[in-house]
Amino acid sequence: MAEFSRAALRAPSLIRAWEQVRDHQRTTSVQALLRIGQTEDARRLAAQAMAEEDEHLRQLAQSVNDVLWIYEPHSSLFLYVSPAYEREWMRSAEALYADSREWLNPVHRDDRPLLQEAFDRLAGGNGYTVEYRATVGPGEERWIAERAIPVASQGGQALRIAGTSQDITARKTADLELL
């Protein structure tokens with residue numbers, strides 16, 4: 001290794017070269033900090049957008065009378081059931097989360113095989129549309145139209161089932177009166 005004299009270290013060309021290296025390092029550091037700041041800003045904006053979207057979905061789910069639900073066939077668990085389940089069906093969401101068979105409890109005994117068959121098809125990633133009777137509250141019978149569709153992964157495998165259960169009692173009563 002060559003030894004430098006003090007005079008050589010003070011040479012204007014060496015000092016300029018060192019200043020250029022130092023300036024480049026500062027510039028690189030500032031650019032890196034700016035990129036980090038932009039990344040953090042982008043993350044913050046994405047998180048804010050997701051929070052706003054979650055709030056919109058929450059407001060929608062709370063305001064509709066239809067029961068919105070998400071079921072995972074591989075675990076046989078409900079992952080989500082909207083507030084209308086408790087409000088309109090007068091059933092415990094906690095009990096449903098604990099045991100998915102709770103879904104069939106309010107269903108009229110004559111309609112249970114129909115709904116059970118449709119529900120069993122969920123494991124194969126198949127959706128369904130059925131109408132059935134359910135007892136809600138203290139002996140009040142209602143007609144329910146239920147639709148379920150598979151939510152697939154990019155590979156096409158059914159990951160979850162999304163569904164809606166709508167009270168169609170008024171329509172069904174009018175239909176039956178026409179007969």
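Where in the stretch 83-130 are there helices (runs of 4 or more DSSP H), lying fully within it, with 2 or more residues that are on the phi > 0 side of the Ramachandran plot and of a type in the set (Val, Ile, Thr)?
Per the criteria, no element qualifies.
Find the residue count for the stretch 136-148, including only residues that are crowded, with 16+ Cβ neighbours inside 10 Å and free of Cβ contacts under 8 Å to residues at least 40 places away in the same chain. Summing the residues that are crowded, with 16+ Cβ neighbours inside 10 Å and free of Cβ contacts under 8 Å to residues at least 40 places away in the same chain in the stretch 136-148 gives 5.
Scanning the stretch 142-157 for residues that are over 16 Å from Leu115 (Cα atoms) and either in a strand (DSSP E or B) or of a type in the set (Phe, Trp, Tyr) (or both) yields Pro150, Val151, Ala152. Taking the numbered list (1) within 19 Å of Ala145 (Cβ to Cβ); (2) at pLDDT 90 or above; (3) surrounded by fewer than 17 Cβ atoms within 10 Å (Cβ to Cβ) in turn, Val64 passes all entries but (2). Within the stretch 108-120, residues that are in the same structural domain as Pro73 (by TED's automatic domain parsing) sit with their Cβ atoms under 7 Å from residues that are surrounded by 11 or more Cβ atoms within 10 Å (Cβ to Cβ) and among the hydroxyl-bearing types (Ser, Thr, Tyr), at 6+ positions apart or across chains, in these pairs: His108/Tyr132; His108/Thr135; Asp111/Tyr132; Leu114/Tyr132; Leu115/Tyr132; Ala118/Tyr128. A single member of Glu102, Glu72 is out of contact with any strand residue (DSSP E or B) (no Cβ under 8 Å at 6 or more places or on another chain) and surrounded by 13 or more Cβ atoms within 10 Å (Cβ to Cβ), and it is Glu102.
The values are calculated or read from the model by the stated rules, or taken from the named source; none is laboratory data. None of the values given here were measured: they were computed from a predicted structure. Note that we place each Cβ from the backbone using ideal geometry, even for glycine, and neighbour counts take in every protein chain shown.
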